[in-house]
Amino acid sequence: MDIIEKLEKNERLNYEDGVALYGLDLFTLGHFANLQRTKRWGKKVYFNINRHINPTNICKDICKFCAFSANRKNPNAYKYTKEEVLNIAKDAYARGIKEVHIVSAHNKEHDLDWYMGIFREIREKFPSLHIKAFTAAEVHFMSELHDLSYDEVLDRMIEAGVESMPGGGAEIFDEKVRAYICKGKVSSQNWLKIHELWHKRGKFSNATMLFGHIEEREDRIDHMLRLREVQDKRQGFNAFIPLVYQRDNNYLKVDKFLGSTEILKTIAISRLMLDNIPHIKAYWASATLNLAMVAQEFGADDLDGTIEKEAIQSAGGAKSAQGQALQDFLDIIITSGFTPVERDSLYNELQVYEEANSGAC
Ligand code: SF4
């Protein structure tokens, strides 16, 4: 059966099919991805009102693609105090923000007790603030730092009030590429294992993929299939987030930008390959807001959030440092013919907007 026939019959796609999808033209791919997207979500575009907090950029690891961590190319090392993190959370809470997304570099001066104290205090003082925190890479770092099992770290996170895990640190699962771009970080196998353990606890998480650097298209398909296999067991991933590699201020030395067609194809293919992950997020901070909006026609159904302060993608050259105003979000979604839906961190719908200024319907 050829690939078009499989798409028409809505059959599950294998590795060879995934690679073959890249050979289709963008609009054929977009047509099939959009069919799947529309079947699930109609014209809805999801976003949340969130605040990213990155407590330190001092890192024991040296990932070649990273522009966020302090090094020779980024001499601006910083480390927030506990009070500074709590003040940011307090301010976010006072302004009605629903989620704090706390991820950081691997700095042993910010150990597990330091973070757990912060999470506990946020939970106690600002109970409606959803805490999304600790990538699988951070769980692995804490497990090594304190000689604890992954189970023990995850249980402590839950006890301190963490409700969901972000999808960072996945990068690319192919072992050869991973060894070159982020040797020393959590292995692919352990990244997947940590999320599986988290899902076993009845908790949800997201999954990312960093693309557009030295990986091949085949590596992206392999990455998606490894996630799909884990997802088949417990459906714990809420969203898949393909992150476009930012080329500035790092040691990877990739000169060319990834073209928009390749970005849109990859988003469309992820919708078609990941038939068991409900949401595909076009992360505007790495893809730009305009392209992330176009991606909603190519399989994506989520733009992420307003973010407010963004330190990781912007360090690599993305124009996302100041986040995005809510009204801009609403305007671009509505003028593109979609319906903005504010969601919570677990994709419960909070507000459906019909017009930019009309509030809920
Ligand atoms: S990607 Fe994360 S783990 Fe790697 S160097 Fe940057 S901050 Fe450290």
>> Given an 8 Å cut-off on Cα distances and at least 6 residues of separation, report the relative contact order of the range 3-347 as a percent.
In response: 24 percent
> Spin-label point model (7 Å from Cα, Cβ direction): what's the GLU354 to ALA94 distance in nm?
Replying inline: 3.6 nm
>> If I stretch the segment between ASP113 and TYR22 completely, what's the gain in nm (0.36 nm per residue apart, minus their alpha carbon distance), one decimal?
In response: 28.1 nm
> Can you give the calculated 222 nm mean residue ellipticity of the chain, where each DSSP H run of n ≥ 4 adds -39,500 (n - 2.57) and the sum is split over every residue, rounded to the nearest 500 deg cm²/dmol?
Replying inline: -12500 deg cm²/dmol
> What share of the DSSP beta bridges in the chain is antiparallel, in percent to the nearest 5?
Replying inline: 20 percent
> Residues with amide H under 5 Å of ASN74's amide H, sequence separation 5 or more or different chain, H placed in the peptide plane at 1.01 Å from N; which?
Replying inline: none
> Ordered by residue, what ³J(HN,Hα) values in Hz, to whole numbers, does the range 77-90 give under the Karplus form 6.51 cos²θ - 1.76 cosθ + 1.60, where θ = phi - 60° and Gly and Pro are x?
Replying inline: 5, 8, 8, 6, 7, 4, 5, 5, 5, 5, 5, 5, 5, 4
>> Give me the one-decimal nm value for the distance between modelled label points at ASP344 and ASN87, 7 Å along each residue's Cα-to-Cβ direction.
In response: 3.0 nm
> Taking θ as phi - 60°, what are the ³J(HN,Hα) couplings along the range 197-210 by the Karplus curve (6.51, -1.76, 1.60), each to the nearest whole Hz, with x for Gly and Pro?
Replying inline: 5, 5, 5, 4, 7, x, 9, 10, 8, 10, 9, 10, 8, 8
> Hey, can you rank 230-237, 145-152 by average C-beta count inside 10 Å, highest first?
Replying inline: 230-237, 145-152
> Using modelled amide H (1.01 Å from N, peptide plane; none on Pro or chain starts), what sits under 5 Å from the amide H of ILE102, excluding residues fewer than 5 places away?
Replying inline: ILE53, LYS132, ALA133, PHE134
> ASN190 to ARG120: extension gain in nm, 0.36 nm per residue of separation minus the Cα-Cα distance?
Replying inline: 22.6 nm
> Just in the range 27-122: which trypsin sites (Lys or Arg not before Pro) are loop by DSSP and have at most 11 other Cβ atoms within 10 Å?
Replying inline: ARG72, ARG95
>> Taking 22 Å as R0, compute the FRET efficiency from the Cβ-Cβ separation of ILE214 and THR261 and round it to 0.05.
In response: 0.70
> For the pair ALA325 and ASN290, how long in nm is the line joining their label points, each one 7 Å along Cα→Cβ?
Replying inline: 1.9 nm
>> Under a Cβ-only charge scheme (Lys and Arg +1, Asp and Glu -1), can you give me the dipole magnitude of the range 3-347 about the Cα centre, in debye to the nearest 20?
In response: 240 debye
> Taking the range 36-131, which GluC sites (Glu not before Pro) meet the DSSP loop condition and have no more than 11 other C-beta atoms within 10 Å?
Replying inline: GLU109
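No value in this document is a laboratory result; all are computed from the given coordinates. Not measured: the values here are computed from a predicted model. Cβ: placed from backbone, ideal geometry, glycine included. Neighbour counts: every protein chain shown.
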